[in-house]
Amino acid sequence: MDETRTPSQADTNAVPPTSPDELSQVQSQRDEYLDQLQRSRADFANYQKRSRSQADADRQYAIGSLANDLLDGFDNLERATEALRASAAPGIGEGLELVHKQLLATLAKHGVSPISALGQPFDPNQHEAIVQQPDAHHPEGTVVAEFGKGYRLHDRVLRPTKVAVSILPPNP
């Protein structure tokens, strides 16, 4: 005779509770187990959502360190283009300008975009104030000059724009 029984066989052969107290206790235990099961399922579903969300964010911002490293070279290319434009080498300057535009388009394709600052109100989350400059033509706290271009990756700032901020000129 086979003594191994499946759980369903054991349940059918179990003696049902006889008193109302035993029945109440078994129902209470059942409800507790059901509650634990539902909480575990909800916790697992939340874990899966958080994991997916974190993985998506990691993928979206994975290019950040590479883009940040490329920005210094990108700035130097921009300076070289400006220097050649000032000299008498228009062909080379135009070629460098095309390369500059192509690199800017490639960065934009991956979510990297320049931060516009000139004429905007100073925003410490996007701008780094290098100097305060007296200016009667702009309201106080307005960016009046850019010393270094800033960039963002999607909604995060990779590098703030280095700026001069207007202040009211001293009274004579």
Extreme residue, farthest from L103 (Cα to Cα), among residues of region 37-93 that are over 17 Å from the mean Cα position of the chain (by Cα) and polar (S, T, N, Q): Q38
When every residue in region 94-122 that is closer than 27 Å to V165 by Cβ, of a type in the set (S, T, N, Q) and under 22 Å from the mean Cα position of the chain (by Cα) is compared, the one surrounded by the fewest Cβ atoms within 10 Å (Cβ to Cβ) is S116
Which condition breaks for Q102 when tested against (1) outside the structural domain of R159 (by TED's automatic domain parsing); (2) modelled with pLDDT of 90 or more; (3) not in a helix (DSSP H, G or I)? (3)
The lone exception for N125 - which of (1) of a type outside the set (A, V, I, L, M, F, W, C); (2) at pLDDT 90 or above; (3) exposed (fewer than 14 other Cβ atoms within 10 Å of the Cβ); (4) over 30 Å from D58 (Cβ atoms) it fails: (4)
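Condition check ((1) acidic (D, E); (2) modelled with pLDDT of 90 or more; (3) within 30 Å of R59 (Cα to Cα); (4) outside any strand (DSSP E or B)) across all residues:
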{"residue": "R79", "(1), (2), (3), (4)": "no, no, no, yes"}
{"residue": "A117", "(1), (2), (3), (4)": "no, yes, yes, yes"}
{"residue": "V131", "(1), (2), (3), (4)": "no, yes, no, no"}
{"residue": "E146", "(1), (2), (3), (4)": "yes, yes, no, no"}
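Can you say whether L71 is surrounded by 13 or more Cβ atoms within 10 Å (Cβ to Cβ) and in a helix (DSSP H, G or I), as far as the supplied structure shows?
Values: surrounded by 13 or more Cβ atoms within 10 Å (Cβ to Cβ): yes; in a helix (DSSP H, G or I): yes.
Judged against the criteria, L71 is a match.
Could you please let me know if D31 is part of a helix (DSSP H, G or I), surrounded by fewer than 10 Cβ atoms within 10 Å (Cβ to Cβ) and more than 30 Å from the chain's Cα centre (by Cα)?
Details: part of a helix (DSSP H, G or I): yes; surrounded by fewer than 10 Cβ atoms within 10 Å (Cβ to Cβ): no; more than 30 Å from the chain's Cα centre (by Cα): yes.
No.
The values are calculated or read from the model by the stated rules, or taken from the named source; none is laboratory data. Given the structure is predicted, the values throughout are model-derived calculations rather than measurements. Note: ideal-geometry Cβ built from the backbone for every residue, glycine included; neighbour counts use all protein chains shown.
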